[in-house]
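J.: Quick one: the structure is below, and I'll ask about it shortly.
The values are calculated or read from the model by the stated rules, or taken from the named source; none is laboratory data. Please read these numbers as outputs of a predicted model, since none were measured by experiment. Cβ coordinates were reconstructed from backbone atoms using ideal geometry, including for glycine residues, and neighbour counts include every protein chain displayed. SASA here: full protein model, heavy atoms, side chains in, ligands and nucleic acids out. Shrake-Rupley method; radii C 1.70, N 1.55, O 1.52, S 1.80 Å.
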Amino acid sequence: MQLTTTQGNIVEQSTDAIVVNLFEGITEPGGATGAVDRALGGAIRRLIGSGDFTGEAGATALLYSQGALPAERVLVVGLGKQDQFDLKAARKAAASAHKALSQLKGVRQYATVIHGAGAGGLEPQAAAQALAEGALLAAYQAPNYKREKPPAGPESGVVVEFDGAQLDTITAGVNAGQAIATAVCHARDYVSEPANILYPEAFARRARQMAEEVGLACTVLGEAEMRELGMGILLAVSQGSAREAQLIILEHTPPGTEEQQPLVLVGKGITFDTGGISIKPWDGMWLMKDDMGGAAAVIGALEAIARLGISRQVIGVAVCVENMPDGNSFRPGDILTGITGKTCEILSTDAEGRLVLADALGYVARYSPAAVVDLATLTGAIGVALGPQAAGLFANNDALRESLLAAAEKTGERLWPMPLYEEYMEEIKGEMAEVKNSGGRMGGVGTSAKFIEHFTEGYPWAHLDIAAMVWTNNERNPATPKGATGYGVRLLVELAGQI
Ligand code: BES
Ligand code: MN
Ligand code: ZN
């Protein structure tokens, strides 16, 4: 799906469908919707009068123009209440409209107005970006290995702006939205792919190819290099796997930022989590292919950051390992030493995410980062606590926490602050080593974050537990089809643009 912009009048567009909008409770539509209504002889006012369509957020109504307009169809999308309208509502409107049109076999292309730049009071560029994000995120189709492919939705859309003086602003917004949504969809692809297709080396190949396309520096460390660096905690997790672990490093260094302290993003990339010797039950284990959702978000974010040409230095580190049971596997009771020299004792080989992060967070100290943010599908317990409504946010620095909360608010990728109480440390004190990798059931989210904090090296740091965010089984949000969500990409791009 490709989006372009043009100066013109929506009423005059000759295409399969045009999209106009309506705030809830409006009975006399104005602007573009009013113009279309007049051309249709009052059909939209009659639609409202019938009571079938109230302009509720995300609702759609389809009218056939029957020759009254050059376009075959008119789709009216509800924007909800005007005083509650925001970027999230604009994204939802565009996504709902795209989804409704993709259910019509005859719609290959459509034209749309921007939602909310006029009466909605949004900045035109931000509204255009939200429109592009909503439409392209709704258009996503996961990788498919069936011989017969599902029907594809519309191939192209054109965003129509009446005011020629605004066209450049609108185009910039649409292009930004398109760059970001493309990267989110790539992150969704990585998460969707099963572990026999996307294992650490395959993931590294994809990252390298993407880096070449968008102009990022890409370095991949294999197991020999990681052994050389002393990353014994990470390597222990990889021991039972026939696949080699990979540390994927992507660097975005715009000219003149070589000396800047970088923002460093770290992603948990367990390409499959069986639990290892502390093996998980079979039921639902297939979904542990999504245990690299943090790495996918980081690699996706770096792609978007490069495409947008964001003017600060950003480094992405994806720590990619497969957690398998085998004769070579690490065991409960094992004592490990990592890159920082800090030691840890294994209680469960299924608490592997914090282990690979321990070495990744030790590794990134070499960049003297301005801030480090890690994203990880770390605990089942975060889903029990917050559900799929928000990721858990832990931070050792107030300014970083505030920046992340602001980015979450702006993008709608919610975060909820969680504590890093000193007392959690008591629960994870080791017998023979400094720390142990599980503090038991009580406070399992807090102790996992506390474990990771132990391996940070003095820099401002935040940890996002995204275990409940990376996959969805429902279609409640039209911009997030069933399956991989790509959660975190938009949040991190927003953060990189802010700090
Ligand atoms: N990858 C899992 C966490 C997870 C669980 C993600 C469910 C998504 C859905 C993680 O590696 C894990 O197994 N965590 C354990 C930790 C425990 C052994 C201390 C958990 O949450 O049960
Ligand atoms: Mn696990
Ligand atoms: Zn895991």
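J.: Can you pull the accessible area of ILE248 for me, 1.4 Å probe, Å² to the nearest 10?
T.: Looks like 0 Å² after rounding.
J.: How many nm separate the modelled label positions at GLN261 and GLU409, each set 7 Å beyond the Cα in the direction of the Cβ?
T.: 2.5 nm
J.: Sticking with this structure for a sec: Placing unit charges on C-beta atoms (Lys and Arg positive, Asp and Glu negative, everything else neutral), compute the dipole magnitude of the chain about its Cα centre in debye, rounded to 20.
T.: Around 1260 debye, computed over the chain.
J.: To the nearest 10 square angstrom, what accessible area does SER348 show with a 1.4 Å probe?
T.: Surface open to solvent at SER348 totals about 30 Å².
J.: Separate question: Excluding MET226 itself, what net charge comes from residues whose Cβ is under 13 Å from its Cβ, given Lys and Arg +1 and Asp and Glu -1?
T.: Charge balance near MET226 sits at -4.
J.: When only the heavy atoms of the protein chains count and the probe is 1.4 Å, how do LEU104, LEU234 rank by accessible area, highest first?
T.: LEU104, LEU234
J.: Ignoring any ligand, DNA or RNA, what whole percent of the accessible area of segment 2-180 comes from carbon and sulfur when the probe is 1.4 angstrom?
T.: Roughly 47 percent of what the probe reaches on segment 2-180 is carbon or sulfur.
J.: Could you provide, to the nearest whole Å², the per residue accessible area of the chain with probe 1.4 Å?
T.: 40 Å²
J.: How do ASP16, ASP291 rank by accessible surface area computed with a 1.4 Å probe, from largest to smallest?
T.: ASP16, ASP291
J.: Is the shape of segment 279-352 rounded, prolate or oblate, going by the alpha carbon gyration tensor and its root eigenvalues a ≥ b ≥ c, with a/c under 1.5 for rounded and a/b larger than b/c for prolate?
T.: Oblate.
J.: Tell me, which longest segment in the chain has none of the chymotrypsin sites (Phe, Trp or Tyr not before Pro) that fall in DSSP loops with at most 10 further Cβ atoms within 10 Å?
T.: Looking at the chain, 283-499 is the longest stretch - no exposed chymotrypsin sites (Phe, Trp or Tyr not before Pro) with at most 10 other Cβ atoms within 10 Å.
J.: To the nearest 10 square angstrom, how much accessible area does LEU415 have with a 1.4 angstrom probe?
T.: Its heavy atoms expose roughly 10 Å² to the probe.
J.: Can I ask one more? Between beta-carbons, use under 10 Å as the cut-off and find the net charge around ALA236, counting Lys and Arg +1, Asp and Glu -1.
T.: -2
J.: With unit charges on the beta carbons (Lys and Arg positive, Asp and Glu negative) and the dipole taken about the Cα centre of the chain, which residue among GLY78, THR253, TRP471 sits farthest to the positive side?
T.: Value: GLY78.
J.: Does anyone have the angle between helix 87-102 and the longest principal axis of the chain? Alpha-carbon axes, 0 to 90°, nearest 10?
T.: The helix 87-102 is inclined about 70 degrees to the chain.
J.: Along the charge dipole of the chain, pointing to its positive end and built from +1/-1 on Cβ of Lys, Arg, Asp and Glu, which listed residue (VAL384, LEU122, ILE452) has its Cα farthest out?
T.: Among VAL384, LEU122, ILE452, the one farthest towards the positive end of the dipole of the chain is LEU122.
J.: With all protein chains present, how much of the accessible area of segment 307-380 (probe radius 1.4 Å) comes from carbon and sulfur, to the nearest whole percent?
T.: After summing per-atom areas, the C and S share lands at 45 percent.
J.: How large is the helix-only mean residue ellipticity at 222 nm for the chain, computed as the sum of -39500 (n - 2.57) over DSSP H runs with n ≥ 4, divided by its residue count, in deg cm²/dmol to the nearest 500?
T.: Using -39500 (n - 2.57) per qualifying helix, the result is -10500 deg cm²/dmol.
J.: Non-local amide H neighbours of TRP461 (under 5 Å, H modeled in plane, Pro and chain starts lacking H): which ones?
T.: Under 5 Å from the amide H of TRP461 lie the amide H atoms of VAL372, ASN396, ASN397, each far enough along the sequence or on another chain.
J.: Using the Cβ atoms and a cut-off under 12 Å, what net charge is assigned to the surroundings of GLN66, where Lys and Arg are +1 and Asp and Glu are -1?
T.: 0
J.: Follow-up. In what sequence, highest mean first, do 120-126, 295-301, 224-230, 369-375 appear when ranked by Cβ atoms within 10 angstrom?
T.: Highest mean packing first, the order is 295-301, 369-375, 120-126, 224-230.
J.: Could I ask something else about it? What are the lysines whose alpha-carbon lies under 26 Å from the alpha-carbon of LYS105, with same-chain residues fewer than 8 places away excluded?
T.: Of all the lysines, those that pass the test against LYS105 - Cα under 26 Å, at least 8 places apart if same chain - are LYS92, LYS146, LYS149, LYS482.
J.: With just the Cα atoms defining each centre, how far is segment 342-366 from segment 179-258? Give it in Å.
T.: Measuring centre to centre over Cα atoms gives 17 Å.
J.: Given the Cα atoms of the chain, and with Rh set as the inverse mean 1/r over their pairs in the Kirkwood sense, what is Rg to Rh to two decimals?
T.: With Rg and the Kirkwood Rh in hand, the quotient comes to 1.03.
J.: Here's another thing I want to ask about it. Using only Cα atoms, locate the centre of segment 415-460 and the centre of segment 469-488, then give the distance between them in Å, rounded to an integer.
T.: 29 Å
J.: Would you pull out the residues with amide H under 5 Å of ILE466's amide H, same chain only if 5 or more places away, H placed 1.01 Å from N?
T.: Those qualifying (amide H under 5 Å, at least 5 residues apart or on another chain) are ALA376, THR377, LEU378.
J.: Next up: If the cut-off is a Cα-Cα distance under 22 Å, which lysines reach LYS436, setting aside same-chain residues fewer than 8 apart in sequence?
T.: LYS436 reaches LYS268, LYS280, LYS342, LYS450.
J.: Could I ask something else about it? Using packing as a proxy for protection, rank 68-77, 438-447 so that the peptide with the highest average count of other Cβ atoms within 10 Å comes first.
T.: Descending packing order for the listed peptides: 68-77, 438-447.
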